[in-house]
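The block underneath contains the structure these notes are about, expressed in structure tokens.
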Amino acid sequence: MTRLVSEMPIATPQPTDGVLVGKVLAGQKSAFNELTNRYQRRAVAVAYRLLGNLQDALEIVQEALLKAFTNLDTLQKADAFGPWLMRIVANLSLNLRRSRKPLSTLPLDDLLPSAGATHYAEPCRLMQSAEIGSRFEQALSQLTDRQRAVIDLFALDQIPQKQVAQTLGCSVEAVKWHVFEGRRKLKETLKDCL
């Protein structure tokens, strides 16, 4: 009796960003949906870290995606779509922050329950956490826009320095300098509660 070897489905490799950008530019608009699916979460995270407000972040990402779609023909390196989109998101976020006062935000630790946390958290701990979070936000607001963006992306979101540099359109050395200066200023401002 002869056994037939079952053919295993071969996984189709995902098209690169460059291929998808080429398809969009050739008129296949649906390829932009795949680019959007790849980068939307990261874009929202970047905008949220810079703005501290989810509604603003979602609006900025929508605006950035529209801007990316309409200006896709200006992208010089098709495979660099991700960093290019993150740069658009960061610039739009920083412009929004400059144009108006940010809404007050709560520290993420107080918004997201930690593993093993009970519903009846100690009131003193909650007050202390809210106060430290408020002081930290206040200290962040005293940094320059560029320092805050770099601290948010590199130190808080743990995005590599090279990617932060691409996102913000600056050199890796500039990112290192802004991290150094930002951390120095934060330590100075928060020295009494650290």
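Per-structure values
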| quantity | calculated |
| --- | --- |
| Separation in nanometres of the label points that stand 7 Å from Cα toward Cβ, at R100 and F69 | 2.3 |
| Under Karplus coefficients 6.51, -1.76 and 1.60, residue-wise ³J(HN,Hα) of the range 18-27 in Hz, glycine/proline x | x, 5, 5, 4, x, 5, 4, 5, 7, x |
| In sequence order, calculated HN-Hα J values of the range 58-65 (Karplus, 6.51, -1.76, 1.60; Hz; x Gly/Pro) | 5, 5, 5, 5, 4, 5, 5, 5 |
| Environment charge of A149, counting only residues whose C-beta is closer than 10 Å and scoring Lys/Arg +1, Asp/Glu -1 | +2 |
| Length released on extending from L58 to T12, taking residue separation times 0.36 nm less the Cα-Cα span | 13.4 nm |
| Within straight-line cross-link reach of K23, lysines at Cα separation under 26 Å, skipping those fewer than 8 residues along the same chain | K67, K77 |
| Net charge over other residues, Cβ less than 10 angstrom from the Cβ of V89 (K, R count +1; D, E count -1) | +2 |
| Rounded, prolate or oblate (a/c below 1.5 giving rounded, otherwise prolate when a/b exceeds b/c) for the range 15-103 by Cα gyration tensor | prolate |
| For S171, net neighbour charge (Lys/Arg +1, Asp/Glu -1) across residues whose Cβ lies under 14 Å away | +3 |
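Only the coordinates and a few stated rules stand behind these numbers; no lab work does. These numbers come from a predicted model, not from an experiment. Glycine gets a Cβ as well: all are built from the backbone with ideal geometry, and neighbour counts include every protein chain shown.
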